[in-house]
Amino acid sequence: MTPPMKPLMSGMRPTGRLHLGNLLGALDNWVRLQDAYNCFFSVVDWHALTTVYEDPGEISANIREMVIDWVSAGLDPERSVLFVQSHVKEHAELHLLLSMIIPIPWLERVPTYKDQIQQLKGKDLSTYGFLGYPLLQSADILVYQAEVVPVGEDQLPHLELTREVARRFNYLYEPVFPEPQALLNRVRLLPGTDGRKMSKSYDNCISMSASPEEVKQKVQQMVTDPARIHKTDPGHPEVCVVHKFLQVFDTETVGETEDDCRAGRIGCVACKKRLLTRLNAFLDPIRERRALLEGQPGLVDGIIADGAERARRIAADTMERVRAAMKLRV
Ligand code: TRP
């Protein structure tokens, strides 16, 4: 008999439609990990509130969009538990109980805390929720007794905090929680159309749900070798955004294209055409799945309801053990 798969947990804030950078930097990893782990993936709406609490109106629309993006990308709602954080109140209860045992300095020294306050200067982040959100993340993870957490590098301090909190709980009461391991996402670097990091705040993204027309516009905007004026001029693929995309989306012929570019045998227009074909071939199955889900809103509702139910069952079990360990049972 094969041993049961280890529990894995991760989450994403519902901040709007995902772009190709999100897909290749995180979501793709999740899709792959479904084969090896018992996966819990959460749309963490309470986390979104920690920074957009003044303007929560968009969160619920973004939740649906995110679930649609996830399933279109290949997350399988039958195998993995896809759910919305706020539908599983156990996260909040565990967060509260863990707040009894975490020293405040552990939260204050999380590097993202001061960084974010600096970066989001226009917002008042001197709130209790913002200080505590890494602990909420710990609760997200521990409530499923997850052993593995796929994240980007920026999240490593939060994982370290989670391990420390788990250790402290286990030491003070009973050993309930495994210490979860971070699993660094394999990132395939994709720049934005202007060559900077692909990011919503730079307006240089290609959305996962972009139509062929939008993709065409984006590819046309892509920055190529500025030193190249005529098609016969030798090109420098290392400074070209189209080349970086071909390295990801056209692995088979990118070497040939690179040689042709350096030798002045292929022009930027032809190169962009080639990329456009490849990108559309990559996005077509994703688009098809999105169209299917958009056409049947009930499907998405069903996925979200079913995910919440499955998540709750596991989380409720953990909370029974937590309450018992903390002598909270009458
Ligand atoms: N804090 C994470 C981020 O901002 C999102 C997140 C919330 C998360 N809960 C989680 C990630 C649990 C992994 C596991 O990206």
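Each reported figure results from applying straightforward, stated rules to the coordinates on display, with no laboratory input. Please read all numbers here as calculations on a predicted model, not as lab measurements. So basically every Cβ, Gly included, is an ideal-geometry build from the backbone, and we count neighbours across all protein chains shown.
Return the Rg/Rh value of segment 231-330, two decimal places, where both radii are evaluated on C-alpha atoms and Rh is the Kirkwood radius.
Expressed as Rg/Rh, it is 1.41.
Taking a quarter of the surface of the Cα convex hull of segment 223-268, what do you get in nm²?
Hull-based average projected area comes out at 2.7 nm².
Where does segment 47-117 land on the Kirkwood hydrodynamic radius, alpha-carbon pairs, in angstrom? Show your work: numbers first, answer last.
On the way: mean 1/r = 0.0663 Å⁻¹.
Computed over Cα pairs of segment 47-117, the Kirkwood hydrodynamic radius comes out at 15.1 Å.
Return an integer: the convex hull volume of the alpha-carbon atoms of segment 1-87, in Å³ per residue.
In segment 1-87, the Cα convex hull volume per residue is 96 Å³.
Counting each DSSP H run of 4 or more residues in the chain as -39500 (n - 2.57), what helix-only mean residue ellipticity at 222 nm follows after dividing by all residues, to the nearest 500 deg cm²/dmol?
Helix contribution divided over all residues of the chain: -16500 deg cm²/dmol.
If each of Arg168 and Asp203 carries a label point 7 Å out from its Cα toward its Cβ, how far apart are those two points in nm?
For the pair Arg168/Asp203, the computed spacing is 4.4 nm.
Which residues among segment 143-184 fall inside the zone where the amide N is under 12 Å from a point 7 Å beyond the Cα of Ala36, along Cα→Cβ?
148-150, 183-184
Kindly provide the pair-distance distribution of the chain built from C-alpha pairs, with 20 Å bins from 0 and whole-percent values in order of increasing distance.
Here the calculated profile for the chain is 28, 52, 19, 2, 0.
Taking R0 as 30 Å, what's the FRET efficiency between Asp317 and Tyr128 from their Cβ-Cβ distance, rounded to 0.05?
Here the calculated transfer efficiency is 0.55.
Among Lys244/Lys272; Lys121/Lys200; Lys218/Lys273; Lys197/Lys218; Lys123/Lys218, which pairs are too far apart, with a Cα-Cα distance over 20 Å?
Lys123/Lys218, as the Cα separations exceed 20 Å there.
Work out, step by step, the length gained on full extension between Arg186 and Glu238: first 0.36 nm times the residue separation, then minus their alpha carbon distance; give nm to one decimal.
16.6 nm
Ignoring the sites themselves, what is the longest stretch of the chain with no GluC sites (Glu not before Pro) in a DSSP loop and at most 13 other beta-carbon atoms within 10 Å?
The answer is 79-251.
Rounded to the nearest 0.05, what FRET efficiency do Glu213 and Cys268 give with R0 = 25 Å and r taken as the Cβ-Cβ distance? Could you check?
Working from the Cβ atoms, E equals 0.80.
At what distance in nm do the modelled label points of Ala92 and Glu54 sit from each other, each positioned 7 Å from its Cα along Cα→Cβ?
Going by the 7 Å Cα→Cβ label model, 2.4 nm.
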